[in-house]
Each structure stands twice: as C-alpha cells, then as structure tokens.
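The values are calculated or read from the model by the stated rules, or taken from the named source; none is laboratory data. Treat the numbers as computed from the prediction; the structure is a model and nothing was measured. Positions of Cβ are backbone-derived with ideal geometry, glycine not excepted, and every protein chain shown enters the neighbour counts.
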Amino acid sequence: MEKKRVLILCTGNSCRSQMAEGLVNRYLGERWQAFSAGSAPSGSVHPLAVRSMAELGIDISDGKSESVEAFRELKPHLVITVCEKAAQNCPVWVGEGDVAHLPFDDPTHVSGSDAERLTACREVRDQMRGDLLSYLREC
C-alpha cells in the first residue's frame, strides 16, 4: 500500500510542525509519511521540542527548518496547518491536496523557567499526539 503524504505547516517550522512530523512518522508511519515546513523558517529545531520528543523516544534533532516553497512539488494528499491563530501568519497552501486546520498553542511563546517552558512543550506534544493522530487515523 502506498503511504499518504501529509505536509504540516506553521510559521517557523521549529517546534509544533517538527513535533507533529515526528509523531506522525513514528506512530502512523505505516500509512502516512509526514513532512513539515514554515512560511518564515527559523533555521533550526527548537531545543525544547527536541527534548520533549526525546522523552517519547523520537529523535527530531536532525530536523531541518524549511520553507514551504521547498515542498511545492510534493503533491501531498493532505496539508495541515497547526498555528493556533489563523491570523498569525500561518502559511496558506495553494498546491495540491486537501487542507485542514488543527490549531495548537505555540509553546515557544511561553515565558518562565526552562522547566515551565518544557512543560508547555510537553503539553502541546501530548495534545498533538491525541488530536492530530486521531484526525489522521480517520482520514
């Protein structure tokens, strides 16, 4: 069976979309192949995203923060935007594939100690593990 391709978009492609890509490829990799990109890539994967995913045994440390333009030829089956607010400059997809919006808070905007920021990252990761994976299981 051919895997379906899902492109996960956010603004910086440093945290939410990177975590989502890792979750999909780990837990639904037999049916889906995930990619991620951003409208204004930050250039790196956020260290707290890497730490929170490592707690699940998922290594995203070699992820690349890439522009949505790099995926115009991908022809995904589905594109999912994960920005918590549509007005937050979340990229708009004009290529092939159905589009869904599943918003999640941006844990990189949380202030406080490293422990508080890591907790916020874990919370978003766990929300994605539930909501995003459930959504894709239904597709």
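Return a yes/no flag: does region 48-57 have any residue that is closer than 14 Å to residue 125 by Cα, surrounded by fewer than 24 Cβ atoms within 10 Å (Cβ to Cβ) and β-branched (Val, Ile, Thr). Yes, there is a match, as at least one residue in region 48-57 is closer than 14 Å to residue 125 by Cα, surrounded by fewer than 24 Cβ atoms within 10 Å (Cβ to Cβ) and β-branched (Val, Ile, Thr). Scanning region 50-74 for residues that are at pLDDT below 95 and outside any loop (DSSP other than H, G, I, E, B) returns 67, 68, 69, 70, 71. Looking across region 25-49, just one residue is of a type outside the set (Lys, Arg), more than 18 Å from residue 109 (Cα to Cα), touching a strand residue (DSSP E or B) at 6+ places or on another chain (Cβ under 9 Å) and in a loop (DSSP other than H, G, I, E, B), and that is 28. Evaluating residue 8 against the criteria (1) assigned to a loop (DSSP other than H, G, I, E, B); (2) touching a residue at least 40 places away in the same chain (Cβ under 8 Å) leaves one unmet condition, (1). Within region 31-60, residues that are free of Cβ contacts under 8 Å to residues at least 24 places away in the same chain have Cβ atoms under 9 Å from residues that are part of a loop (DSSP other than H, G, I, E, B) and among the hydrophobic types (A, V, I, L, M, F, W, C) in these pairs: 50/60; 54/60, counting only partners at least 6 apart in sequence or on another chain.
Checking each residue in region 101-139 for being under 19 Å from residue 48 (Cα atoms), in contact (Cβ under 8 Å) with a residue 40 or more places away in the chain and part of a loop (DSSP other than H, G, I, E, B) picks out 104, 106.
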